[in-house]
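Working notes, structure below.
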Amino acid sequence: MRIYLFIAAIAGGATYLITPLIRHIAIEIGAVGEVRARDVHTIPTPRLGGLGMLIGFTVSMLFASRIPFIQGLFAQSQQAWVILAGAIMISLLGMADDLWDLDWMLKLAGQLLISVFVAWGGLQIISLPLGSLVTASPSLSMAITAFLIVASINAVNFVDGLDGLSSGIVAIGGIAFAIYSYIIARNSPSYASMATLIDIAMVGMCVGFLMHNWHPAKLFMGDSGSMLLGYLITCASIVMTGRLDPASIHASIYLPVFMPILLPILVLFLPILDMCLAIVRRLRKGQSPMHPDRMHLHHRMLRIGHSVQGAVLILWGWAALIAFGSIMTLFFKAQYVLVGFLIAAVVLTVATMYPYVKHRIPEMLEEDAADGGRHASVRSSKRRKTD
């Protein structure tokens, strides 16, 4: 565990130190986001923060490849280098979009090509949790892998609308998934786990970037960062499907057979929900699925009265509840987890709706008082007419 914490520190430190330089470069080359109608920020802010995150992740992976405990993962196969190559390509695609605002179909095509390349390079769904582990055909594996990567990339991209929101949500999910993958690795001959390594490095770079991205943000991650986060968290989950052996997993934690596919969905539940709602909303209006608007979850949080920091913290809370609630069944009885989940959900619901209720109750009282006054004047006029 100490080695993984060291790698997280490397990723976080490298990201934190390089990000100011990236900010300066972004300003010099004009990669500064203009304030658009759908944006929350009011001051033009540099983008390309994803480049700093990519550098942090790359440095941590290079360090890891030289550590005896982990270097076997790099020697056994080319999977680690394929994942790193895919990370570089997806970030470069995001940088191109940050600089030149690519057409959404062109960007989607690029995401799909990179996902297919990574799947062809060896990162594939090995088995499917259908009652028991079922081996998938190579073509089906590539198709499912590409679909999951593209969906996750765009889910995180959709939710990247407030300072620190997407990096915090992905870091929370990464911690939860790292705990799960570490537990699975302890049930295998080698404790070293590529999934844990990717998650830990990703969490480190998120924390390092978050120090520059907390409201008011000095730098935005842009598509180069949000797409990278969605890519990495999905890669980690796909890597895990190759490590599951039901015969070697203790009966008390047999649930993990389903978790490599289920957990990323739960971890990214808020981004995926936001993306699905946005696509349905836009299609119903006859718009493109990528047409921008101000109806995302974070926009709604601001509309009911939350500050930017408050909205981010509450959405982090929901992300943590869903992510950690899904793995607590590995440590506690399901009924205890359910009780704790419901209590936390009630607290978060109250926190979410508090600004709306706080402002709405006085408005309702004023409306009732005005209605009472109108009714009293009507009754008074009727009495005068009768007299």
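The values are calculated or read from the model by the stated rules, or taken from the named source; none is laboratory data. Note that the coordinates shown come from a computational prediction; the quantities given were computed from them, not determined experimentally. Note: ideal-geometry Cβ built from the backbone for every residue, glycine included; neighbour counts use all protein chains shown. Heavy atoms of the whole protein, side chains included, go into the accessibility calculation; ligands, DNA and RNA do not. Shrake-Rupley method; radii C 1.70, N 1.55, O 1.52, S 1.80 Å.
Observations on the model:
- Residue among Y191, Y180 that alone is open to solvent by less than 10 Å² (accessible area, probe 1.4 Å) and farther than 19 Å from G56 by Cβ: Y180
- Meets criteria (open to solvent by 40 Å² or more (accessible area, probe 1.4 Å), modelled with pLDDT under 90, closer than 30 Å to I184 by Cβ and among the β-branched types (V, I, T)) for I272: yes
- Some residue of region 6-28 being surrounded by fewer than 20 Cβ atoms within 10 Å (Cβ to Cβ), in contact with a Leu (Cβ under 8 Å, 6 or more places away or on another chain) and in contact (Cβ under 8 Å) with a residue 60 or more places away in the chain: no
- Among the conditions (1) in contact (Cβ under 8 Å) with a residue 24 or more places away in the chain; (2) open to solvent by 10 Å² or more (accessible area, probe 1.4 Å); (3) over 15 Å from the mean Cα position of the chain (by Cα), the only one that D160 does not satisfy is (3).
- Being at positive phi and aliphatic (A, V, I, L, M) holds for only one residue in L62, L48, and it is L48.
- Of residues in region 286-324 being polar (S, T, N, Q) and at pLDDT below 90, the one nearest to K358 (Cα to Cα): S307
- Meets criteria (in contact (Cβ under 8 Å) with a residue 24 or more places away in the chain and open to solvent by less than 10 Å² (accessible area, probe 1.4 Å)) for G121: no
Results for (1) open to solvent by 50 Å² or more (accessible area, probe 1.4 Å); (2) at pLDDT below 85; (3) more than 27 Å from Y4 (Cα to Cα), shown as yes or no for each residue.
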site: V82; (1), (2), (3): no, no, no
site: G94; (1), (2), (3): no, no, yes
site: D97; (1), (2), (3): no, no, yes
site: L102; (1), (2), (3): no, no, yes
site: I125; (1), (2), (3): no, yes, no
site: V134; (1), (2), (3): yes, yes, yes
site: A151; (1), (2), (3): no, no, yes
site: I172; (1), (2), (3): no, no, no
site: A176; (1), (2), (3): no, no, no
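- The test for being out of contact with any Gly (no Cβ under 9 Å at 6 or more places or on another chain), open to solvent by less than 90 Å² (accessible area, probe 1.4 Å), modelled with pLDDT of 85 or more and closer than 21 Å to I272 by Cβ does not hold for I327.
- Per-region count, region 285-315, residues over 26 Å from D97 (Cβ atoms), open to solvent by 30 Å² or more (accessible area, probe 1.4 Å) and not β-branched (V, I, T): 5
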